[in-house]
Amino acid sequence: MNEPDVVVGIGGAAGDGVASAGNTLALSVARQGQAVYAYNSYQSVIRGGHSWLRLRISAKKPLNHGDQVDALVALNQDTLDRHLQELVAGGAVLYNSAKLQPAYAAPPGVQLCPLPVPDLTPAYRDLPVMQNTVAVGAVIHLMGLDFKGLESVLESTFAKKPQVVKTNVEAARAGYDYAVAHFTPLAKQLHATSQRWALVTGNELMAMGAAFAGCKFYCAYPMSPATHILEWLTAHAKELGICVRQVEDEISVINMAIGASHMGVRALCATSGGGFALMTEAVGLSGMLETPVVVVNVQRAGPSTGVPTKTEQADLNQAFGASQGDFPRIIMAPLSMPDCFAMPALAFNVADRYQCPVIILSDLLMGEGNETVDPALLDVDFEIDRGELITSPDGRGAAREPYLRYKDTPSGISPRAVPGVPGYLHVAASDEHDEDGVLISDVYTDTVRRKKMADKRSRKMADVLKHLPAPTLVGPADADVTLVGWGSTWGVISEAVERLNREGISANHLQIKFLVPFHVAEITAALSRSRKIIVVENNQSGQFARHLRAETGITAHGHIRKYDGEPFEPKHVVAGAREILERGTAVVEVLSTEPGWQTEHPTGTAGDWTGRAVATAHTSSVAT
Amino acid sequence: MATAVAVLDVKDFKPEVPPDWCPGCGDFGVLNGLFHACAELGRQPHEILVVSGIGCSSNLPGFFRSYGVHSLHGRALPFATGAKLSNHEMTVIVTGGDGDGYGIGLNHFIQAMRRNIDLTYIVMNNEIYGLTTGQVSPTSETGMITKTTPHGNLEGMLNPIALALASGCGYIARGFSGQPKHLQKLYADAVRYPGFALVDVFSPCVTFNKHNTYDWFRKRVYRLEDTAHDSTDFHAAMDRALEWGEKIPIGLFYRNPNPRPTLHTDDPGLQAGVLVRQAAGVGRAERQKLIAEFT
Ligand SMILES: Cc1ncc(C[n+]2csc(CCOP(=O)(O)OP(=O)(O)O)c2C)c(N)n1
Ligand code: SF4
Ligand SMILES: [Mg+2]
């Protein structure tokens, strides 16, 4: 189905209200049956800087934020200067003509839409953000949508203040009417549908999904881009009966979560890479105590403090190596925002069943991105599987007969009694221990028991893959090229593969959700017919490609990587694949740039492919 | 609430595994006091959770018959906080050493007092790192010679009692493992106190601390109960907390006459009762309400 899609870019300085204008617009179009995928490229400043939000809007659900701009809402001169050149023919640029003037000619076929904001709303004099309301009203008309969606959003946003509703509705209406009278609609027109949409971020979905899956304890230390999970759960803690605490640091966070889980509740915690680094010792504690815990790492860019407001997929090695020693762990990465919703339920179930830590690798792109989801898909009564959990005495009474917390069973799973139940007294120990929990860490001659207990724990992993669906190859089985990605790049690679096929390059796609344990047999089989394998990942060193090779022996033929802080756009992947196929380049690093414009801000979307090939040891075949 | 059974005996808390501490270690006295206190409190072994960190002293849960956790070095308090919040009907006792609680875990100690989580924290303070064979501790005296301070400890001593007062702790006591009967009372009162309670115990390490020996303590300690000390008087408690030298007070320094609400009483998520007993998941009507917030 070829539904038109419109990308609206809203730009301004921090404090200009970019995010709330975007939110109003997204909700308004969603209420007219339009699906939205939004990504805000912002900075960690409270005032100033440049914030660049792109919303891709279509009746057909977009899988990423696209790579062009059809309508630009410039809230300041800087935005107008940076992005005017990026608009495509048939597009339009909206700005407050009382304040801003284009500094150069618009690209051919692009309509200038100056809005005389002071004449359109008297409220502007005291409240400069009213220019946003006017512009949102105007852009709604340009896309071909009705005013009523916007009106209803303004009514519900300011429900408690009728006067504010009135002022905003009047301003928005003035913008809408002015556009009707003075501007030509965009070349691409949207059509209202009856589909209902919920507009959510990946973090909100993760939080709500965890609550629906029976999470009863959550604690965190604020860290972008994971903080909104804490905020959503805090806001709903009372009504949902979830204990939600902000605590002193991430070391405390994970130890508290494990402590809570130890008593028998489902416990979750989330952070970003730096916080996860502090948690790592206790990831091993969970492995050793065999007390489940689910930890979410919403990855952001860079080592150390890094780039707090930018996205990356570079914590894979950190997750593999979190904590010393060998112990079972499960690592999974949601493929999309809706996947963020379903993942906690799965993570809790396998954590409970296998009594081990589960690490979920989300990232800023999904965590803070906004997407519309069919509300019906969110009304899920997740299956809750607590595994072999003993929560009542079952007639055992307070008998003193020995209960072996770490019983050496064929599956390696030992029935887990929670403290408080009569008859199952035991000590759970982080030191190596025997089946009854008694320490054997200092018994140096007891190699046999030490090995027995390590084997018992590792045996649990043999079974885990049964619960994790294997990835499937999407697209023609005999394609010329297979693009392999993991986690959040699913949407962008899907679209790139579609485009490649349209452009005559037959391509298919394999996206990996489960990193540990790894579906070695299924992945090896899926890739066995691939002529060329290209791994696409949002990091510098190719962490996933190395994992693929380590697990399956498969060496990718080419790599498309990005680590400039911005997410991939479909054009990056398409151009990268072409570069590899046509020129034999081994590693293509792609970059978001604003060609032709002098700027330190690297988030533009215009121009030809903005990538570059990098000569590495593998690139001997690069054509010159 | 589970009903307390009054007739319990010390042997109900004694496991088969004997402690493997060095003969004469102060921790035996600490454990003995705890056996008696728990028998006195009348809580069944399965209603008690003892959480420790890592150290000689932190091996205590293995020598006590109740539910127990031997967690990470310095992390017993966060672990126990999570445990208490999810099942606040349990009596949660945290045990550990001076290195564990006042060194690597110091931040958690202060935060736990500040947040007034209802735990009893027993610190076996031997002024040394015992398990790692005799390195300086935050409570080692200035000038003390240890393996890692061969020229004498340059740093000042951490004063846990004064720190606890400053951090909002509502029950602050110090005992001496040479006086287990006294310890029994301090522990039992600490457990009964609604809120965070600290019992710091002089518990000599006979193997690695040749300075703070039983004799050293016996010569110096005196009981606050034998003086006119008013344990409801914060400032008087602070004055006593600062005493160190020829005379060192033990006993109850401070008991807040108007205890603050404990964390679990006021936490919004716990208003429906004990967390582990709440149904997991969210009902249909509630789900739909939450989803509607996004439309
Ligand atoms: C993260 C970490 N660092 C260091 C250690 C090594 N370690 C174990 S116990 C201990 C100090 C114990 O001293 P204390 O808490 O006073 O207990 P004691 O043995 O004196 O009773 C140290 C440093 C460890 N187990 N974990
Ligand atoms: S080394 Fe010291 S603290 Fe450890 S058991 Fe021996 S006497 Fe006790
Ligand atoms: Mg010590």
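The values are calculated or read from the model by the stated rules, or taken from the named source; none is laboratory data. In this text, all values refer to a predicted model and were calculated from it rather than measured experimentally. Using ideal geometry, Cβ is built from the backbone for each residue, glycine included, and neighbour counts are taken over all protein chains shown. Ligands, DNA and RNA are excluded from the accessible area calculation, which covers all protein heavy atoms including side chains. Shrake-Rupley method; radii C 1.70, N 1.55, O 1.52, S 1.80 Å.
On the basis of being away from ligand 1 (no atom under 16 Å from the Cβ), in contact with a His (Cβ under 8 Å, 6 or more places away or on another chain) and not in a strand (DSSP E or B), does B:L77 make the cut?
Answer is no for this residue.
For segment B:85-96, filtered to residues that are open to solvent by less than 10 Å² (accessible area, probe 1.4 Å) and more than 7 Å from chain A (Cβ to nearest Cβ), the residue that is farthest from ligand 3 (Cβ to nearest atom) is B:V92. Quick test of your reading of the structure: B:M157 fulfils all but one of (1) more than 23 Å from B:G245 (Cα to Cα); (2) away from ligand 1 (no atom under 12 Å from the Cβ); (3) aliphatic (A, V, I, L, M). Name the failing condition by number. Here B:M157 meets the rest and fails (1).
The residues of segment B:254-294 that are open to solvent by less than 40 Å² (accessible area, probe 1.4 Å), without any contact (Cβ under 8 Å) to a residue 60 or more places away in the chain and touching a helix residue (DSSP H, G or I) at 6+ places or on another chain (Cβ under 9 Å), listed by number, are B:G269, B:G281, B:V282, B:R287, B:L290, B:I291, B:F294.
In the set (1) near ligand 1 (Cβ under 9 Å from one of its atoms); (2) more than 16 Å from the chain's Cα centre (by Cα), the condition left unmet by B:H151 is number (1). Of the residues that sit in segment B:102-127 and are open to solvent by less than 10 Å² (accessible area, probe 1.4 Å), in contact with a Ser or Thr (Cβ under 7 Å, 6 or more places away or on another chain) and not in a loop (DSSP other than H, G, I, E, B), which one is nearest to ligand 2 (Cβ to nearest atom)? Top of the filtered list is B:M124.
Residues of segment B:266-289 that are under 17 Å from A:V265 (Cα atoms) and either within 7 Å of chain A (Cβ to nearest Cβ) or among the acidic types (D, E) (or both): B:D267, B:P268, B:G269, B:L270, B:Q271, B:A272, B:L275, B:V276, B:Q278, B:A280, B:G281, B:V282.
Condition (residue is within 14 Å of chain B (Cβ to nearest Cβ), touching a strand residue (DSSP E or B) at 6+ places or on another chain (Cβ under 8 Å) and part of a loop (DSSP other than H, G, I, E, B)) applied to segment A:440-449: is it met by at least one residue? For segment A:440-449, residues within 14 Å of chain B (Cβ to nearest Cβ), touching a strand residue (DSSP E or B) at 6+ places or on another chain (Cβ under 8 Å) and part of a loop (DSSP other than H, G, I, E, B): present. Can you tell me which of B:W244, B:W216 is assigned to a loop (DSSP other than H, G, I, E, B), more than 16 Å from ligand 1 (Cβ to nearest atom) and open to solvent by 20 Å² or more (accessible area, probe 1.4 Å)? Sole residue among the options that is assigned to a loop (DSSP other than H, G, I, E, B), more than 16 Å from ligand 1 (Cβ to nearest atom) and open to solvent by 20 Å² or more (accessible area, probe 1.4 Å): B:W244.
Among the residues of segment B:30-55, those identified as more than 11 Å from chain A (Cβ to nearest Cβ) and assigned to a loop (DSSP other than H, G, I, E, B) are B:G42, B:R43, B:G55. When B:K181, B:K185 are checked against the criterion of being at pLDDT 95 or above, among the charged types (D, E, K, R) and over 16 Å from the mean Cα position of the chain (by Cα), a single residue qualifies: B:K181.
Considered as a group, the residues in segment A:241-275 that are open to solvent by 10 Å² or more (accessible area, probe 1.4 Å) and out of contact with any strand residue (DSSP E or B) (no Cβ under 9 Å at 6 or more places or on another chain) include one that is nearest to the other protein chains (Cβ to nearest Cβ), and that residue is A:E248.
If you check A:L72, A:L87, A:L80 for being modelled with pLDDT of 95 or more and hydrophobic (A, V, I, L, M, F, W, C), only one passes: A:L72.
Taking residues in segment A:352-363 that are among the small types (G, A, S), and partners anywhere that are in a loop (DSSP other than H, G, I, E, B), the pairs with Cβ atoms closer than 6 Å and at least 6 places apart or on different chains are A:S362/A:P334. Out of B:G130, B:G99, B:G68, B:G55, which single residue is within 16 Å of ligand 3 (Cβ to nearest atom), without any contact (Cβ under 8 Å) to a residue 60 or more places away in the chain, of a type in the set (G, A, S) and crowded, with 23+ Cβ neighbours inside 10 Å? Just a single option satisfies the conditions, and that option is B:G99. Looking only at segment A:495-516, residues that are open to solvent by less than 20 Å² (accessible area, probe 1.4 Å) and of a type outside the set (A, V, I, L, M) come to 4 in all. Which of the residues spanning segment B:196-208 are within 12 Å of ligand 3 (Cβ to nearest atom) and either of a type in the set (S, T, Y) or open to solvent by 10 Å² or more (accessible area, probe 1.4 Å) (or both)? Of everything in segment B:196-208, those that are within 12 Å of ligand 3 (Cβ to nearest atom) and either of a type in the set (S, T, Y) or open to solvent by 10 Å² or more (accessible area, probe 1.4 Å) (or both) turn out to be B:S203, B:C205, B:T207, B:F208. When B:H46, B:H36 are screened for being more than 16 Å from ligand 3 (Cβ to nearest atom) and closer than 16 Å to A:M263 by Cβ, only B:H46 passes.
As a summary of the residue check, A:E594 satisfies the conditions (1) modelled with pLDDT under 90; (2) open to solvent by 20 Å² or more (accessible area, probe 1.4 Å); (3) charged (D, E, K, R) except for the one numbered (2).
Listed here are the residues, each with its yes/no results for (1) part of a helix (DSSP H, G or I); (2) assigned by TED's automatic domain parsing to the domain that holds A:V153; (3) on the phi < 0 side of the Ramachandran plot.
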| site | (1), (2), (3) |
| --- | --- |
| A:N168 | yes, yes, yes |
| A:A172 | yes, yes, yes |
| A:A179 | yes, yes, yes |
| A:P185 | no, yes, yes |
| A:H191 | no, yes, yes |
| A:N203 | yes, no, yes |
| A:A207 | yes, no, yes |
| A:A211 | yes, no, yes |
| A:S224 | no, no, yes |
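Going by what's in this entry, would B:M144 be described as of a type in the set (A, V, I, L, M), open to solvent by less than 20 Å² (accessible area, probe 1.4 Å) and either within 15 Å of ligand 1 (Cβ to nearest atom) or in a loop (DSSP other than H, G, I, E, B) (or both)? For B:M144, the condition - of a type in the set (A, V, I, L, M), open to solvent by less than 20 Å² (accessible area, probe 1.4 Å) and either within 15 Å of ligand 1 (Cβ to nearest atom) or in a loop (DSSP other than H, G, I, E, B) (or both) - is met. Tell me, please, whether a residue that is closer than 20 Å to A:E204 by Cα, surrounded by fewer than 23 Cβ atoms within 10 Å (Cβ to Cβ), out of contact with any Phe, Trp or Tyr (no Cβ under 8 Å at 6 or more places or on another chain) and more than 7 Å from every other protein chain (Cβ to nearest Cβ) can be found in segment A:289-307. Among the residues of segment A:289-307, not one is closer than 20 Å to A:E204 by Cα, surrounded by fewer than 23 Cβ atoms within 10 Å (Cβ to Cβ), out of contact with any Phe, Trp or Tyr (no Cβ under 8 Å at 6 or more places or on another chain) and more than 7 Å from every other protein chain (Cβ to nearest Cβ), which makes the answer no.
Looking at A:A71, A:A14, A:A59, A:A38, which is the one that is open to solvent by 10 Å² or more (accessible area, probe 1.4 Å) and touching a residue at least 60 places away in the same chain (Cβ under 8 Å)?
A:A59
Residues that are more than 16 Å from ligand 3 (Cβ to nearest atom), part of a strand (DSSP E or B) and open to solvent by less than 20 Å² (accessible area, probe 1.4 Å): does segment B:174-195 have at least one? Checked segment B:174-195: no residue is more than 16 Å from ligand 3 (Cβ to nearest atom), part of a strand (DSSP E or B) and open to solvent by less than 20 Å² (accessible area, probe 1.4 Å).
Within the set B:D267, B:D215, B:D230, the sole residue that is more than 22 Å from the chain's Cα centre (by Cα) and within 16 Å of ligand 2 (Cβ to nearest atom) turns out to be B:D215.
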